[in-house]
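A short worksheet on the structure shown next.
The values are calculated or read from the model by the stated rules, or taken from the named source; none is laboratory data. Values in this document were obtained by computation on a predicted structure and should not be read as measured data. No Cβ is skipped: glycine too gets one built from the backbone with ideal geometry, and neighbour counts run over all protein chains shown.
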Amino acid sequence: MPFVDFGFSILDFGFGEPRIAAFPKSQTQNPKSKIPCRGQASVEMALTLVTAIVPLTLGLIVFAEIAWTYHALATLTRQGARYAGTHCWQDDSGSNVVNWMQANAPPFPDRPQLASGGVQIQVSYWTHDPITRQSVPFSCAGGCSPQCVPDSVTVSISGYQFDHFLTLLGLQPLQVPPFSTTVEMQSGGGNPETAISSP
């Protein structure tokens, strides 16, 4: 059984007086002095959160949204070019392609800017000159017909600025570079939406 010191000595079988054992100074101090200062630890934790963890978290969110937006715009450009290449020419501005891209854009934080004009969609049709080996803008008086078939089409997206959380971090809006995709025309003057193809 372990020995427990209660602070008093036992009688020496009648040969001496009871003796009181003296406590060391370290055992007589206030026990509250051994408890760490919890207020100081709370302040240090708050400073760590404000100066390091919160900005790091916002930075990760910003990076994730930039990557998400970049991938969405690149995908939309390729899909728009594929749609334009498989649908007949209707006008110089490619309004049918622009409307389709605005309605079928993949989700991303600033998707409404496609309809409001914050993100510009340009559709350019080209005809190739085999002699000069140059591409010139295509134009035709008719609509969807075998007489109005360009050689290629370019779909581009430009004018987008990413500013989510950047103002909170004291940064300027990020100008996203334009996206562009060029494909050859594959419709041959046919209209796949009506299932009517012209020779």
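Points to keep in mind about this one:
- Test result for V136, assigned to a loop (DSSP other than H, G, I, E, B), touching a Phe, Trp or Tyr at 6+ places or on another chain (Cβ under 9 Å), among the β-branched types (V, I, T) and farther than 21 Å from Q79 by Cβ: no
- Subset of segment 155-175 [of a type in the set (A, V, I, L, M, F, W, C) and over 28 Å from D91 (Cα atoms)]: F162, F165, L166, L168, L169, L171, L174
- Within the option set S156, S145, being under 21 Å from Y83 (Cα atoms) and in contact (Cβ under 8 Å) with a residue 60 or more places away in the chain holds for one residue only, S156.
- Verdict on A64 being modelled with pLDDT of 75 or more and over 32 Å from the mean Cα position of the chain (by Cα): no
- For segment 94-133, taking the residues that are surrounded by 16 or more Cβ atoms within 10 Å (Cβ to Cβ) and under 15 Å from P150 (Cα atoms), the one that is farthest from the chain's Cα centre (by Cα) is identified as T127.
- Being on the phi > 0 side of the Ramachandran plot and modelled with pLDDT under 55 holds for only one residue in G7, G16, G94, and it is G7.
- Any chance S152 is at pLDDT 85 or above and either farther than 15 Å from S95 by Cα or touching a Ser or Thr at 6+ places or on another chain (Cβ under 6 Å) (or both): yes
- Just one of the numbered conditions (1) surrounded by 11 or more Cβ atoms within 10 Å (Cβ to Cβ); (2) without any contact (Cβ under 8 Å) to a residue 40 or more places away in the chain; (3) of a type in the set (S, T, Y) is not true of T181: (2).
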